[in-house]
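Heads up, the thing below is written out as structure tokens.
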Amino acid sequence: MRVAVGGTFQPLHDGHKALLRKAYELSRDVDIGLTSDEMAARSRVRPVKSYQEREKALRDWIKKEIGVEPNIFKINDPYGPTLTEDYDYLVVSPETYPTALKINELRKEKGKRPIEIYRVECVLAEDGKPISATRIVRGEIDVHGNLLRRRGE
């Protein structure tokens, strides 16, 4: 089984970790597309650490928690190698699910078989809302979803 997953992964939070754990549950052959600095800056207004810093944090966590040397590579678009290479699964979040559908649409146009999509639901923070990098950067929650600001404070 060959699995693809992608993202910016910064800050690396419990939602990202659930996504990565599922990818490695499906297979040890996981390709991780990590957004380039240019792509990360294009798709968000908040500051993002450099590719090298994000890649190191991701690599260190996977080696420690999953126990494998990850295959991480730079992507400059939302599709990475999924339009040309064959995978058994695409592991996505609700946020990236539409991109997975587009990947399969483009693959079909190229005469390639679709990739099975495995959607991992959002990990919820203490307040019942999804953990997100934006909420972490804003100081609402930490990487585990614990509230940092209480209402009325």
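The values are calculated or read from the model by the stated rules, or taken from the named source; none is laboratory data. For clarity, every value in this text was computed on a predicted model and none was experimentally measured. For neighbour counting, all protein chains shown are included, and Cβ atoms are generated from backbone atoms with ideal geometry for every residue, glycine included. Note: areas computed on protein heavy atoms with side chains; ligands, DNA, RNA excluded. Shrake-Rupley method; radii C 1.70, N 1.55, O 1.52, S 1.80 Å.
Worth a mention:
- Computed from point charges on the beta carbon alone (+1 for Lys and Arg, -1 for Asp and Glu), the dipole magnitude for region 1-65 about its Cα centre is near 120 Debye.
- Gyration tensor verdict on the chain (Cα atoms; rounded if a/c is under 1.5, prolate if a/b is larger than b/c, oblate otherwise): prolate
- Heavy atoms of K110: accessible area, 1.4 Å probe, square angstrom to 10: 120 Å²
- Computed over the chain: relative contact order in percent, which uses C-alpha pairs under 8 Å that are six or more apart: 27 percent
- The chain: angle of helix 14-26 to the longest principal axis, Cα-based, in degrees nearest 10: 30 degrees
- Take every DSSP beta bridge whose two residues both sit in region 29-153; close to 20 percent of them are antiparallel.
- Accessible surface ranking that places the most exposed of V91, V143 first, with a 1.4 angstrom probe: V143, V91
- Nearest-ten-degree value, helix 97-109 long axis tilted from longest Cα axis of the chain: 10 degrees
- Under a 5 Å amide H cut-off, with hydrogens placed 1.01 Å from N, R2 pairs with D88, Y89 among residues at least 5 apart or on other chains.
- Note on region 49-104: the alpha carbon radius of gyration divided by the globular reference 2.2 N^0.38 Å gives 1.29.
- Accessible area (Å², 1.4 Å probe, nearest 10) - L106: 30 Å²
- Going by accessible surface with a 1.4 Å probe and the largest first, E95, E85, E55 read E95, E85, E55.
- Mean residue ellipticity at 222 nm, helices only, the chain: -10000 deg cm²/dmol; runs of at least 4 DSSP H residues each add -39,500 (n - 2.57), and the sum is divided by the number of residues.
- In terms of distances greater than 31 angstrom between alpha carbons, the cross-link table entries K22/K74; K74/K102; K22/K56; K64/K108 yield K64/K108.
- Carbon/sulfur fraction of accessible area - the chain, other protein chains in place, 1.4 Å, %: 50 percent
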